[in-house]
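Engineer: My structure is below; once you've seen it, I'll send some questions.
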Amino acid sequence: MSTRRNDQITLVAFMQASNVSVYSGSWRYPSSAGDYLDLRYYQRIARVLEEGNFDLMFFDDRLAMPTIYGDSADEAVRYGARPIKLDLTAVLGAAAAATSHLGLGATYSTTYYQPFHVARTFATLDHLSGGRAAWNVVTSVNDAEAQNFGADQHFDHDKRYDRAEEFIEVVAKLWDSWEDDAIVGDKVTGVFADPSKVHELNHHGEFFDVRGPLTVPRTPQGRPVIIQAGQSGRGRQFAAKWADLIFTGDPSQTVAAEHYSEQKALIAEEGRDVDSVRILPMVYVIAGETEQIAREKEQIFLNELVHPTASLALLSEVTNYDFSGHSLDDVVTDDLINAVSGIRGLVQGVKRHVGEQTLTLRVLANHRATLLQGPRFVGTGEQIAEQMEQWFQSRSCDGFVIAATHFPGAFEDFVRLVVPELQKRGVVREEYTGTTLRENLGLERPANLFSEEREAQRV
Ligand SMILES: Cc1cc2nc3c(=O)[nH]c(=O)nc-3n(C[C@H](O)[C@H](O)[C@H](O)COP(=O)(O)O)c2cc1C
């Protein structure tokens, strides 16, 4: 096996600022904490993750309740199928105050927000946390979100990515609009900052007009860490150009390994160092003191806690297709697959898990509501560590986005049972080596665009 420059597995905790984890029935599990509206809940989980040397606590987001199913939020509300999503700025601020090394990542949409707002939010968080902010750049997924932001329908896919391209270019320039040494702070002369080092953008594009400068100086990381999770061709291209961390959702190691090498090739085509970008598949981890304990827990989360109608409502949400006219026992036919965009990969993934040739909506929806598309690592700490190391060493990934059954218990189990096994194998550090998230990930601090221009003019 050839040596690799990154010899440490990148560990990302997949978090929800919600009444549920990715398992939509998780709120019913006896030891799921119920104080998800209290800042101490997020602080408790953040401390557990820092104890386990996690690189990043990452929160997903959705800007609407699940309302696609039956054109109503009733089923999601009734069964607690993710009707709650808190704003992430305050949540990450709380987590920042309780930790000192853990990276703090949040999802913000390029379709429904404005670049100035997003640049300001993450620059502020980067300062207040001492350089630990990360932004997951998403283009959002469904009409329900559009309807909360003044539109009937979600924008077309290509248009969303066109807007995302312009959006991130503007954000990157706003983050650089203050050069690193712009603040002078001379109390004697009264000069606070050097105006020649604080720049307007005067950006006029297809989607945005932004004058700048940003109202926040350059941050400890220079540029907060960029995350991208697009799975389409456009999404992968965008990630290759901009991302530091790429999240994937592949059903098996074979698919993940192919995806890994294809994505690394795209990164190289962009002229970037392939080792400076981490590819991180999402996996479902259930750790137990014995394999039997872990398997029993798995059955409870997969089969006992989720209501089938809630599952179908969540399937509607992610596919932007109203399944309320279908029965749970309907077979997933080729016609249905053709009618629902983006469902083909999901059907193939679920078939791989359940091994059935004819699939009903009940089975598909249950797996979507609980499994999404990632593989499951279920067992003792040693068994899970073995699988993780195998994926890592065979270059199927650079680390993992770890989805939890429930909070904080699933991460407590992971940190107690799996992390020590990974440390024994030398693939997870014993303590943090840097101060900022970029330093802990071994990533360079990007040069400032305006300082570079000035240097180029001087030569
Ligand atoms: C681990 C992971 C986390 C994701 N988190 C979010 C999220 O919080 N919000 C969101 O709108 N989409 C999220 N997505 C979806 C992606 O951003 C993307 O929209 C989806 O994979 C479809 O790809 P495409 O946009 O390139 O078509 C996530 C995907 C993965 C794999």
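Engineer: Note the angle between two axes, namely the Cα long axis of helix 344-354 and the longest principal axis of the Cα atoms of the chain, as a number of degrees from 0 to 90, rounded to the nearest 10.
Structural biologist: That helix lies at roughly 50 degrees to the long axis.
Engineer: Another one. Please list, in order, the residues from the range 379-410 whose amide nitrogen is less than 20 Å from a point placed 7 Å along the Cα→Cβ vector of Thr254.
Structural biologist: Taking a point 7 Å out along Cα→Cβ of Thr254, the residues of the range 379-410 whose backbone N falls under 20 Å are 387-388, 390-397.
Engineer: As an exercise, use a Förster radius of 25 Å and the Cβ-Cβ distance of Gln114 and Ala94 to find the FRET efficiency, rounded to the nearest 0.05.
Structural biologist: Once the sixth-power term is evaluated, E becomes 0.55.
Engineer: Multiplying the sequence separation of Arg295 and Thr358 by 0.36 nm and subtracting their Cα-Cα distance, what value in nm do you get?
Structural biologist: So the chain would gain 20.1 nm between Arg295 and Thr358.
Engineer: What is the spin-label model distance, in nm, from His203 to Glu262 if the labels are put 7 Å beyond Cα along the C-beta direction?
Structural biologist: About 3.0 nm, to one decimal.
Engineer: Oh, and also: Using θ = phi - 60° and the Karplus relation 6.51 cos²θ - 1.76 cosθ + 1.60, list the HN-Hα couplings for the range 137-148 in order, rounded to whole Hz, with x at every Gly or Pro.
Structural biologist: Per residue, the Karplus-derived 3J(HN,Hα) values read 7, 10, 9, 6, 10, 8, 5, 4, 5, 4, 5, 8 Hz.
Engineer: Mind checking the angle between helix 449-458 and the chain's longest principal axis? C-alpha axes, 0 to 90 degrees, to the nearest 10.
Structural biologist: 30 degrees
Engineer: Determine ³J(HN,Hα), in whole Hz, for all residues of the range 36-43 in sequence, where each value follows from phi through the Karplus function 6.51 cos²θ - 1.76 cosθ + 1.60 and θ = phi - 60°; x replaces Gly and Pro.
Structural biologist: Couplings: 5, 9, 10, 5, 5, 4, 5, 5 Hz.
Engineer: Report, in degrees rounded to the nearest 10, the 0 to 90 angle that the Cα long axis of helix 308-319 makes with the longest principal axis of the chain.
Structural biologist: 40 degrees
Engineer: Let me ask something else about it. Given a cut-off of 18 Å, what percent of all Cα-Cα pairs of the range 1-139 lie beyond it?
Structural biologist: 60 percent
Engineer: Once you charge only the Cβ atoms, +1 for Lys and Arg and -1 for Asp and Glu, what is the size of the charge dipole of the chain about its Cα centre, to the nearest 20 debye?
Structural biologist: Once rounded to the nearest 20, the dipole reads 520 debye.
Engineer: Moving on. Hey, which of these cross-link pairs are over 21 Å Cα-Cα: Lys241/Lys264; Lys85/Lys173; Lys264/Lys351; Lys173/Lys241?
Structural biologist: Lys85/Lys173; Lys264/Lys351
Engineer: Show log10 I(q)/I(0) for the chain at q = 0.06, 0.09 Å⁻¹, two decimals, from a solvent-free Debye sum over equal Cα scatterers.
Structural biologist: The Cα Debye sum returns log10 ratios of -0.26, -0.59.
Engineer: Now, a different point. State the antiparallel share, in %, of DSSP beta bridges confined to the chain, rounding to the nearest 5.
Structural biologist: Rounded to the nearest five, the antiparallel share is 15 percent.
Engineer: Arranged from highest to lowest average of other beta-carbon atoms within 10 Å per residue, in what order do the peptides 406-412, 129-135 appear?
Structural biologist: Highest-to-lowest ranking by the protection proxy: 129-135, 406-412.
Engineer: Based on the inverse mean of 1/r over its pairs of different Cα atoms, what is the Kirkwood hydrodynamic radius of the range 284-375, in Å?
Structural biologist: 13.8 Å
Engineer: While we're on this one: To the nearest 0.05, how large is the calculated FRET efficiency for Gln231 and Glu455 if R₀ is 35 Å and r is the Cβ-Cβ distance?
Structural biologist: 0.35
Engineer: Measuring from centroid to centroid over Cα atoms, what is the spacing of the range 279-311 and the range 86-113 in Å?
Structural biologist: 26 Å
Engineer: Can you pull the one-decimal nm distance between simple spin-label points at Phe149 and Asp87, each 7 Å off the Cα toward Cβ?
Structural biologist: Calculated label separation equals 1.5 nm.
Bear in mind these aren't lab numbers, they're just calculated from the coordinates by the rules spelled out. For clarity, every value in this text was computed on a predicted model and none was experimentally measured. Every residue, glycine among them, receives a Cβ derived from its backbone with ideal geometry; neighbour counts consider all protein chains shown.
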